[in-house]
Each structure stands twice: as structure tokens, then as C-alpha cells.
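J.: The structure is given below, and queries will be raised subsequently.
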Number of protein chains: 4
Amino acid sequence: MNNDAPNFRGLKALFINCSIKKDKSKSHTQLLIDKTVSIMAAQGVEVEQLYALDHRIAFGMIKDGADEGLDDDCPMIQQKVMEADILVIGTPIWLGVKSSIATQVIERLYAYSGDTNEKGQYLYYGKVGGCVITGNEDGIKHCAMDILYALQHIGYTIPPQADCGWIGEAGPGPSYGDTEWKGEKLPAPAGLDNDFTNRNATFMGWNLMHAAKMLKDNDGFPAVGNTGADWQHVTNAKSENPEYR
Amino acid sequence: MNNDAPNFRGLKALFINCSIKKDKSKSHTQLLIDKTVSIMAAQGVEVEQLYALDHRIAFGMIKDGADEGLDDDCPMIQQKVMEADILVIGTPIWLGVKSSIATQVIERLYAYSGDTNEKGQYLYYGKVGGCVITGNEDGIKHCAMDILYALQHIGYTIPPQADCGWIGEAGPGPSYGDTEWKGEKLPAPAGLDNDFTNRNATFMGWNLMHAAKMLKDNDGFPAVGNTGADWQHVTNAKSENPEYR
Amino acid sequence: MNNDAPNFRGLKALFINCSIKKDKSKSHTQLLIDKTVSIMAAQGVEVEQLYALDHRIAFGMIKDGADEGLDDDCPMIQQKVMEADILVIGTPIWLGVKSSIATQVIERLYAYSGDTNEKGQYLYYGKVGGCVITGNEDGIKHCAMDILYALQHIGYTIPPQADCGWIGEAGPGPSYGDTEWKGEKLPAPAGLDNDFTNRNATFMGWNLMHAAKMLKDNDGFPAVGNTGADWQHVTNAKSENPEYR
Amino acid sequence: MNNDAPNFRGLKALFINCSIKKDKSKSHTQLLIDKTVSIMAAQGVEVEQLYALDHRIAFGMIKDGADEGLDDDCPMIQQKVMEADILVIGTPIWLGVKSSIATQVIERLYAYSGDTNEKGQYLYYGKVGGCVITGNEDGIKHCAMDILYALQHIGYTIPPQADCGWIGEAGPGPSYGDTEWKGEKLPAPAGLDNDFTNRNATFMGWNLMHAAKMLKDNDGFPAVGNTGADWQHVTNAKSENPEYR
């Protein structure tokens, strides 16, 4: 733990790995998730991880698949999401976009987003979000803009540089952490010593902690101007119908 | 001013309208910008507006076009950006994406993004960003994910629901605030009384103020884990080369 | 059937509805799919439809889930894809992006994309693709650019205006075809008489047929310059290492 | 020229380089454009190139800036666009998206898109489009989906694999063709020998030629089902108001 750092004890973080590999030991994204996890854990943050494909996640804009007779672990996942101050979505890149299971996990987060907290704000207000992306060729920023937009739209705060990722040069090639490619041993595991990726993972980890602590110390966002019940009383958006140009 | 609200005096906001209409009085986006401006102004925030096309903005990943013999107002714009705690980019939607001039304004913000503040963090740390989007048919979220991603990538914090916008039903139709369409007078100016748009404009305005105040009271982000000079000392991303699975 | 039209008999089209509603009778996207289907069927095209959620689709960049012990209908779906000259993906919009199951269907199409046809071209060469999008507020173009990009990337040809869709005005509202909203009966089912949507559905349907017929009459793309085995002999991309500026 | 290849003489192609570098000799994208140009030129296609920043392009959804008293070369550019069977947009990647000037060039193409050809179809019907993307780290696919979507939306046909590009590994690094990085000479110019990029440039070049020839031989798209005047007579989209589920 860094002694000059704020005290982050008491914060909780949840990482959801949305790899589409059935066997999680083969997920390359996991390796970069582990780096960001270790940054937070070293500062005393309580970190939990979920591997999405280990769970039964029902399709639908629904809160509980059981209501439709479906096996569904989402209510359990949602509880963990609600307990965490920090949520990080990890995804591989396929065809330049985030994975199907990442899309599904976000759909299910969205299904709860109409609920409100005790202040009357949307449920995820006061929490912070980030993302971890890996692929072998292209698309970190595109996946990140998609995921971070979704998170802020449902109430998360996005601190600066809240994404990190690794891709290789254009074209097929080793994935993150691969030690060989086309049968030949690589001089070093792919990407693990990439300074840019490591720096961004570090910036992301710390900024998520800084922002989560700031929000927690502040008891989240004041409930003025951002609740369904209240906004009409504190807006100038509705009060005047501007004379048209 | 709302009496239960935090005191936002001392905050500054800059709105940049990136319409591609030469004559700013014809910008539909301006009408929605004006709503969000009036929300902030009513709380005592000092708001400034720029209409991008009124200024000479040079192309290039450059800080000052004068260095290349180009007319360039960006150094002046950049000074306003640096003075503001809140930056809001307004853009129309064309073909589902943000405008060319919005793209150019963001390129020029990016050109300065390697600079650091007095703490050694990227220049825009401690500031908050949002966006205002209008079009006549489709693309609010796509434009917003693009703009908000860019802002967070260069150091801005994105509070919850930091975008607002208006579009009409699929297909050609009146633009925001239009009082007639195809020669016929509309019963009311298009979109101005859309509750969803007004609510989102309100949520955005207040959340930008809340987050800006929180960051200002906190003196921005602590400079631990997020500076070019420091990160290698406070990371676990680099310290270990995990034995490969 | 239109008598001035080319004869499209012999063409096959496959529509895959990627709604996330378990009960397909509740899919709004289906209504717009049905319109485009009827356009093609009226010209003698043999049209088949699949409702993705009716099938077991395994996660993974794999050809056959059975190889990993998973229930997987994809080999059967892939056979239908290969038999069809035209593929249309239908999806609802959630949070501005295509559905999770649409993402998964495309991942599985991608898993086969390294295979080649009898000419040595990628598998989907000679086929044409389009998409149908519905939502209640925003994102037709964003979903379409994602889906159409994926299809052309794996070998499909995209004719002009190969997407159609419907969304309502910004904010919550009736979905495509809804006859009531918030308990009140609507004057007409939402969107069904939208000229823009109907026109685009028509343009898409006909352009897919025109392009499919043109490609079929031409026996697909000539296998020059676009096969893994051949390209190095017919390129000037590799032959010279241009002296650097 | 390849003897087994179709005869492409008589085809015209236009490449527009949308670099934001004032000095075109410094454009990295130009190097990859030159490769694709040489592929087409070797087959007898008449190729013309424009460097967008060499021209005065007015902002606005307008056909001729002169109408608003602006310097504007777009009418001249548009004439070249109309003479060409093939249009390729080249762009660098900045912050994960296409350049501002690429966005502007596409806005201006769009401004003409309501015009019709002699058959009553949108203006660009019968032409084919592609794109060339370079950057030093990330975003080929995202830029390509944006550009290719825009082109197909206004009437271009997109053949298979109609994009090519080069990026390096995640993080700052040499740009395409750079011979040194951070003051050190590289063993070879960056990316020029990347097989994946060269293959894609080749596939794109040939597929654009194949599709352009096929469309030209076919006299473009038959004007059935895709004109503003005609569609209502050949659609089943409008004819029935399906009884609601």
C-alpha cells in the first residue's frame, strides 16, 4: 500500500469478465483484469470477480428470469453490483465490438436502471465505472466508448481515463499474454510489458478509487436536480417556451 | 436559484456549439444549449458560450496554427476551456454522427492533452464534461458516446447522465424548435415541450454542477497513481510478470 | 409480383430476428421484418425466418458447440445461412446498440468466416446482407453501421440503403406497432404508416434482390485478387517498398 | 496487368485523402492509399487523387458555398465524385474516430444525396465505395464502419472487405511508414511489410474493381423498388396494416 495515498479501505469493487470462452483459464482479458484488480487490492479495496459465462444469465429486459420460468443468476449478480462502489466490465474484442455476453450483462444492468435509490435518484448514482479491453488487433476505444456510455447513462460516474486495454499490430497475432504464436515461442508474453497498457491500467485503477472515495465521502450526488420527482421544480428547461428565433 | 441546492457560485462553464450552419441564429442545437445554460446560470454559474464556426479553427494535431502560418483562434479558445470547470459540447447529428466542426474542436482539445497541470496530471483532470445533441431523426446516443468518450479520455470526469438531446420520429421532419414543417404551422414548436429532453437537460445540468463542485472542493483528483512521473511507483500492473496460465 | 421487375425466382433469403423477448409474438422488430419479407416473397423469393432465441446458441468463437459439450443449434443455422443468397439481421435497440443475441449471432457467423468457398474466397462472398432495426427512441444508424460493417467484413456485399428501421421521438414511448401507450389507445399503431420507414424497407428489399440477382447471374465475384492463395501474385501492395518520402 | 483478370479499362476511381496534416507529404495515410491506387492503376483503372486540405471546403449541409458567399471547391470535387465509378475515402484515426475533414467531406457528399440520377434513384446508385485507414494505435474498424455506412446510406454499394488499414500495437509508436521512432532508426519502415494490411489493401482494390465493373456492365441498379416516385407501387410495406397481434 502506498503511504501517501488516500485510505481506500471500505471501498468495494466488482469486476465482471465478459469473455466468450467457456473455460475461463483461457481468457486473455482475465490477465489484464488481474493487473487492475491487484492495483486496487494493494490499496485495501475489497475486490470481487465474476466470470459471466460461469453464470446463467437470461435474455430479456427483465429483472428476474425466474418470473418467466428461466434459470437466471442475475438477481444474485445485481446484488453484488449494488454492494460495490466500483464496477469494471472486462471484454474481449470481436469484429471491433464488445462481446455478446458483455452486451447481455449491460442489458440486464439496464433492466434495473429505472429503480431508484433512497434519495429518488437512479439506482447506480454514486458509483463509478470503468472497463478493461483486450483483443489481438483493433477496437479498444470503440468498445470503451460503448461500455462507458452505457454505464454513465444508467447512473455511473466515469472518472478520467477509465479504460485500459491491449491490442497488437493490425492483423492476426498473439493475444494478450500469449507465450507462443504459430508454434513459435515468443521472447516475452505478448503485451504484458507494454508500458502504455500498464500505465492506463494503473491510471484507471487509481482514478476509479479516487472518484469512488470522493463520492462516498460526499454521500453520493446531492438529490437536487436529478430525481424524477424533483426536476421540474429546479429546471429552467421547461419553464419558458423561448420565442422562436 | 434553488435554496436547498449547493452553492455553485464560483463555478465556470463553457458551452461550444458545433453546428455547421454559418448563421448561428439558425442553429436548432442552440435552443437546447440555451436551456441547459439557463439551468446553470440560474444557480449562479458563470457561463460562456462559443459558436465554433464564428472562429477560425485550423486543421491539424497542433496547438497553435500560427506556428504553421495559419489563422487560428484555438489558443484563445483553449484559454477559455482551461478557465472553465465545466465543458459542454453541442452538436447536430448528420448521418448519425457528430458534426465535422465538433470533430475538429475535439481534435484541437486533444492536441493539448499531453500537457500536464501543476500536479503532473493531464491538463483536463478535475474538470467535468457533457454534451447536447439535436437532430431530426436519429443518433443522440451514438454522438454522445463518441463525445463523452473523447472527453474522459483526455481527463474530464463524466457525471451520471451527462448528455441530453432531442430527435423526432424516424424520417425527415421538423428540427428542434421548428414552428413549421413543409409550409404548415405546427401546433407547438417541435420538441421544446418534450419532457424526456427537458428532464435530461436538467439532470445533465445539475449533475455537471454537482460533480464540478465536488471536484473543486476536493482540489481535483489527488495526484497519486495518475501522473506520468509517478505511476510506476504505485502500480502492480508492471511489478510482476504473471506466470502464464 | 411486379411485371417490369427482374425475375427473382430462385433466390433465397434468410431473416434472423434477434429480439431479446422470449415470446416472439411480442417482438416489435418482427412487424417490420414481416414487411420486408412480404416485399421479397411477393417477387418469388423463397424466404425463411429464424427467431434466434428459439434456438440454443452457444457462446464462443467456435463452429460447433458440441465439440465442447454444449447444446448448439448453430451448425443448423449456418447451413441455412449458406443456402441463402440474402441475409437480413433484425434487432431491437437497447441503450443505443444492437441486442446481445444479435451480437452473438454475428460472432458465430464470424467463427466460420475463415472458411473458404470452392473458389478459395471467404465463405460469404457472393451473398448480400441487410438489417432491420426498431426501438422506441434512438439508434437505427448506429446499429446498422455495426451490423452492416460486420457483414461486409466477412464477405457479404452491401447494396445501397440496405438498412431500414423505426424509432419514435426522443424519450419513452410506444414501440413499433404498439396500439396503446400508458393505457391509452393510440389513433393508429405506432410507426406502421411511417412513409420513411416503409420506403426504406422497400428500397432495402428491392436492392437486396437486385444485388443478389446480379451476383448470382455473375456467379459471384471473380476469384482474382481476393483469395488467400492468390493475392500476392496480383498485388502492387507488396511488390515495392516505396522509398520513404 | 493480370491476364486472367477481367478487363477494368474504362473504370474511374477517385481517392480522397482526409489527413489533417497541412503538408500532404507528411501524411502516413497517403502511403497506404498509394498502394491501393497502384493496384487499380496496374489494371488500367483511371485513378485520380485529391488531398482534401488542399481545397477550400465550406461547412454546411449545402451544395455550393458560393451561394452563401463562401469560398468552396466542393462543386468541383462533386463533379469528380460523379465521374468516378469508385470512391475511396482515406483517413487517419484520431481518438478512435475518423478525421474532422473526413467528416466534412462526407457531410458535403450527403448534401447532394437528395438529388437523383436519370433513373430517379439517388445520385450515387451504381457506384462502389471503400476506405483506407491508418493510425498508430487503434480504431480501423470503427472508422470503417462509420465511413462505409455513410457511403451505403447515400447510395454506394459496398463490396466485401472494402476497407484496409494499419495500426501498431496499443500505445504511442511509429505511424505507418515511419522509418524512425523516438530518434532511433527502425529495422524497416513501420507497417509497409504487414501482410495483413497488404492483403486487405489488395482484396479491397480488387473487390472495388470487380463490383464496379459488374454494376457498370449491368447499367447500375434496375430502377424498380428504389426510386422516390416508384416505391409505393411495388411495396408490400404499406399495403397492409397488419392486425395487431
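Just so it is clear, none of the values below were taken in a lab; they were calculated from the coordinates. Because the structure is predicted, anything quoted here is derived from the model rather than measured. Using ideal geometry, Cβ is built from the backbone for each residue, glycine included, and neighbour counts are taken over all protein chains shown.
J.: Could you check the spin-label model distance between B:Glu48 and B:Thr179? Points 7 Å from the Cα along Cα→Cβ, value in nm.
T.: 3.3 nm
J.: Kindly identify chain C as rounded, prolate or oblate by the Cα gyration tensor criterion: order the square roots of the eigenvalues as a ≥ b ≥ c, call it rounded if a/c is under 1.5, otherwise compare a/b with b/c, prolate if a/b is larger, else oblate. Don't jump to the answer; show the numbers that get you there.
T.: Numbers: a/c = 1.76, a/b = 1.54, b/c = 1.14.
Here chain C falls in the prolate category.
J.: Would you list which aspartates and glutamates come within 15 Å of A:Lys119, measuring only between C-alpha atoms, while excluding same-chain residues fewer than 8 positions from it?
T.: Reachable aspartates and glutamates: A:Asp219, A:Asp230, B:Asp4.
J.: Continuing with this model, one more query. Classify the protein assembly as shown from the C-alpha gyration tensor, please: rounded if a/c falls under 1.5, else prolate or oblate depending on whether a/b exceeds b/c. All intermediate terms of the calculation are to be shown ahead of the outcome.
T.: Working: a/c = 1.27, a/b = 1.19, b/c = 1.07.
Verdict is rounded for the protein assembly as shown.
J.: Looking at the range C:12-233, send over the antiparallel percent of its DSSP beta bridges, to the nearest 5. Don't skip to the answer; put the middle values down first.
T.: Details: 5 of 28 bridges.
So the antiparallel bridges in the range C:12-233 amount to around 20 percent.
J.: Given points 7 Å out from each Cα along the Cα-Cβ axis, report the B:Asp23 to A:Asp73 separation in nanometres with one decimal.
T.: 6.2 nm
J.: Also: Under the definition of partner shielding as Cβ atoms of other protein chains within 10 Å of a residue Cβ, what is the mean value for peptide B:165-177? Write out the running numbers ahead of the final one.
T.: Details: counts 2, 3, 7, 4, 12, 18, 10, 3, 2, 0, 0, 1, 4.
For peptide B:165-177, the averaged partner shielding equals 5.
J.: Okay, next question. Give the angle, between 0 and 90 degrees and rounded to the nearest 10, that separates the Cα long axis of helix C:74-83 from the longest principal axis of the Cα atoms of chain C.
T.: Once rounded, the angle reads 80 degrees.
J.: What 222 nm value per residue comes from the helices of the protein assembly as shown, counting each DSSP H run with n ≥ 4 as -39,500 (n - 2.57) and dividing by all residues, nearest 500 deg cm²/dmol?
T.: Mean residue ellipticity at 222 nm (helix-derived): -9500 deg cm²/dmol.
J.: Taking every DSSP beta bridge with both residues inside the protein assembly as shown, roughly what % is antiparallel (nearest 5)?
T.: Here the share of antiparallel DSSP bridges comes out near 20 percent.
J.: Next question, about the same structure. According to the square roots a ≥ b ≥ c of the eigenvalues of the Cα gyration tensor, what is the shape class of the range D:70-148, taking rounded for a/c under 1.5, prolate for a/b larger than b/c otherwise, and oblate for the remainder?
T.: Prolate, since a/c reaches 1.5 and a/b exceeds b/c.
J.: What is the distance in Å between the Cα centroid of the range A:1-78 and that of the range D:150-209?
T.: For the range A:1-78 versus the range D:150-209, the Cα centre distance is 36 Å.
J.: So for the range C:57-128, averaging the separation of alpha carbon pairs under 8 Å that are six or more residues apart and normalising by length, what relative contact order in percent results?
T.: In percent, rounded to a whole number, it is 32.
J.: Within chain A, what's the longest stretch lacking GluC sites (Glu not before Pro) that sit in DSSP loops with no more than 12 other Cβ atoms inside 10 Å?
T.: Longest stretch, sites excluded: A:119-239.
J.: In this model, which of A:Lys26/A:Lys98; B:Lys80/D:Lys21; C:Lys213/D:Lys127 are farther than 23 Å apart at the alpha-carbon? Mind showing how you got there, number by number?
T.: Numbers: A:Lys26/A:Lys98 18 Å; B:Lys80/D:Lys21 25 Å; C:Lys213/D:Lys127 17 Å.
Beyond 23 Å: B:Lys80/D:Lys21.
J.: Right, something else. Over the whole of D:181-187, what's the average partner chain Cβ count within 10 Å per residue? Rounded to a whole number, please. Provide the component values of the computation, followed by the final result.
T.: Working: counts 0, 0, 0, 0, 0, 0, 0.
The per-residue average across the peptide is 0.
J.: Between helix A:195-217 and chain A, what is the angle of the helix's C-alpha long axis to the longest principal axis, kept within 0 to 90° and rounded to the nearest 10?
T.: 30 degrees
J.: Using a 10 Å cut-off on Cβ atoms, rank the peptides C:151-164, D:15-28 from the highest mean neighbour count down.
T.: Answer by packing, highest mean first, reads C:151-164, D:15-28.
J.: Below 8 Å between Cα atoms, with a sequence gap of 6+, how large is the relative contact order for the range A:12-233 in percent?
T.: 21 percent
J.: Here is a further query. Just want to confirm a number: the relative contact order over the range D:135-207, from Cα pairs under 8 angstrom separated by 6+ residues, in percent.
T.: 35 percent
J.: To the nearest whole number, what is the average tally of beta carbon atoms from other chains within 10 Å of the beta carbons of peptide C:63-70?
T.: Across C:63-70, the average partner-chain Cβ count within 10 Å equals 1.
J.: Related question: Using Cβ contacts closer than 10 Å as the measure, can you line up D:Trp166, D:Trp94 from fewest to most? Could you put the intermediate results ahead of the total?
T.: Working: D:Trp166 29, D:Trp94 22.
Ordered from fewest to most neighbouring Cβ atoms within 10 Å, D:Trp166, D:Trp94 come out as D:Trp94, D:Trp166.
J.: 7 Å from Cα along Cα→Cβ at both C:Glu118 and A:Lys216: what's the point-to-point distance in nm?
T.: 6.6 nm
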